[in-house]
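Just below is one structure, and these are the notes that go with it.
What follows draws every value from the coordinates through simple rules; no lab data is involved. Keep in mind the model is a prediction, meaning the values are calculated, not measured. FYI the Cβ positions are ideal-geometry reconstructions off the backbone, even for glycines, and counts take in every protein chain you see.
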Amino acid sequence: MTNNIYLSEMELDEKIKKISGYKTWSAKKKVDNLLEIDAHMYCNLGKESTITQKKEVKKMSRKIYRAIASISPLDGYILEAHMNEKDLSNAS
């Protein structure tokens, strides 16, 4: 990844694997930590962020949501559904 927003894909994969592997953490704590990483990535986007950077963050977000789905299927499903939701506000 050339324009690093927050983490490289490799760093993200390592963090996801590390967080998912904690035996002493509850599912809620794991999900909260993964969502915190996701929030930081989106907070680091700005008006000057390129379309490529925004797409990379969305791609990494999907990885996080898939990891959440493996920890908490309902939460993961809701996040994925929200990400895939189409804007229906203009539909008549």
request  = Kindly list the number of the only condition in (1) assigned to a helix (DSSP H, G or I); (2) surrounded by 13 or more Cβ atoms within 10 Å (Cβ to Cβ) that fails for residue 55.
outcome  = (2)
inquiry  = Of everything in the stretch 30-40, what is of a type outside the set (Gly, Ala, Ser) and under 16 Å from residue 66 (Cα atoms)? Give them in sequence order.
reply    = 30, 31, 32, 33, 34, 35, 36, 37, 38
ask   = Looking at 68, 78, 64, which is the one that is on the phi < 0 side of the Ramachandran plot, β-branched (Val, Ile, Thr) and either outside any helix (DSSP H, G or I) or more than 10 Å from the chain's Cα centre (by Cα) (or both)?
value = 78
key: Enumeration of residues in the stretch 9-23 that are touching a Lys or Arg at 6+ places or on another chain (Cβ under 9 Å) and surrounded by 14 or more Cβ atoms within 10 Å (Cβ to Cβ)   = 12, 13, 16, 19, 20
